[in-house]
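Below you'll find the structure, written out as structure tokens, and then a few comments.
The values are calculated or read from the model by the stated rules, or taken from the named source; none is laboratory data. Note that the structure is a prediction, hence the values are computed from the model and not measured. For neighbour counting, all protein chains shown are included, and Cβ atoms are generated from backbone atoms with ideal geometry for every residue, glycine included.
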């Protein structure tokens with residue numbers, strides 16, 4: 001099994017454990033609502049959005065004009081069950097056809113993240129934006145088990161280094177921020193009652209546990 005295949009298998013197994021293959025579950029919808037609240041508050045139906053590394057599609061499940069790309073046929077099949085437009089073939093998507101590309105925790109598992117950013121650059125319209133959600137990793141512990149961990153992250157960045165990578169691949173960084181969220185399944189009963197209460201509970205859980213993620217927003221620069 002190749003490294004890329006092993007990584008994709010691990011991601012599919014993790015998705016299954018999280019319960020995100022059940023694309024009609026309340027949990028799936030709750031995660032979709034959180035993503036829309038955090039990243040697509042200004043979304044309009046005229047905007048074309050690409051989810052790069054979409055998994056089972058919950059990031060774009062509440063958007064009407066979005067496309068998902070994922071190399072896993074299993075993930076794309078789950079997207080189709082939900083009625084989402086998704087593909088395993090990035091090449092069929094026209095260049096310069098998207099206003100926004102969103103990518104969550106996908107760049108760190110790729111062997112060549114700079115190449116991935118170039119692919120994204122070509123898919124964006126002039127002046128289009130990219131939103132990257134990345135793990136904020138600050139783990140200086142010496143591993144006791146000398147093996148690949150469950151996340152299969154090949155890269156870890158701080159804000160400076162991910163900014164440098166974007167600058168060197170045709171993007172202008174416009175925002176760096178830290179977001180917090182955890183306990184999504186634990187607080188699911190609140191989602192049925194109130195999205196605002198659910199969002200506050202997931203934020204507070206992350207705040208108390210010091211669980212953070214990096215979000216970087218950048219704009220395509222035309223050469």
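The requirement of being farther than 29 Å from residue 183 by Cβ and modelled with pLDDT under 95 is fulfilled somewhere in the stretch 5-25, by at least one residue. Looking at the stretch 65-155, the strands (runs of 3 or more DSSP E) lying wholly inside it that each contain 3 or more residues that are at pLDDT 90 or above, within 23 Å of residue 37 (Cα to Cα) and touching a strand residue (DSSP E or B) at 6+ places or on another chain (Cβ under 7 Å) sit at 66-69, 98-104, 124-135. Among the residues here, residue 222 does not qualify as more than 14 Å from residue 135 (Cα to Cα), in contact with a helix residue (DSSP H, G or I) (Cβ under 6 Å, 6 or more places away or on another chain), assigned to a loop (DSSP other than H, G, I, E, B) and in contact (Cβ under 8 Å) with a residue 24 or more places away in the chain.
For the stretch 186-210, name all the residues that are assigned to a loop (DSSP other than H, G, I, E, B) and surrounded by 14 or more Cβ atoms within 10 Å (Cβ to Cβ). Selection gives 187 alone.
Okay, residues lined up against (1) in contact (Cβ under 8 Å) with a residue 40 or more places away in the chain; (2) surrounded by 17 or more Cβ atoms within 10 Å (Cβ to Cβ):
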| position | (1), (2) |
| --- | --- |
| 34 | yes, yes |
| 44 | no, no |
| 53 | yes, yes |
| 56 | yes, yes |
| 68 | no, yes |
| 75 | yes, yes |
| 84 | no, yes |
| 97 | yes, no |
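Rundown of residues vs (1) closer than 23 Å to residue 128 by Cβ; (2) in contact with a strand residue (DSSP E or B) (Cβ under 8 Å, 6 or more places away or on another chain), yes/no style:
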| site | (1), (2) |
| --- | --- |
| 34 | no, no |
| 41 | yes, no |
| 48 | yes, yes |
| 53 | yes, yes |
| 60 | yes, yes |
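With respect to (1) at pLDDT 90 or above; (2) assigned to a loop (DSSP other than H, G, I, E, B); (3) over 26 Å from residue 125 (Cβ atoms), the lone exception for residue 169 is condition (3).
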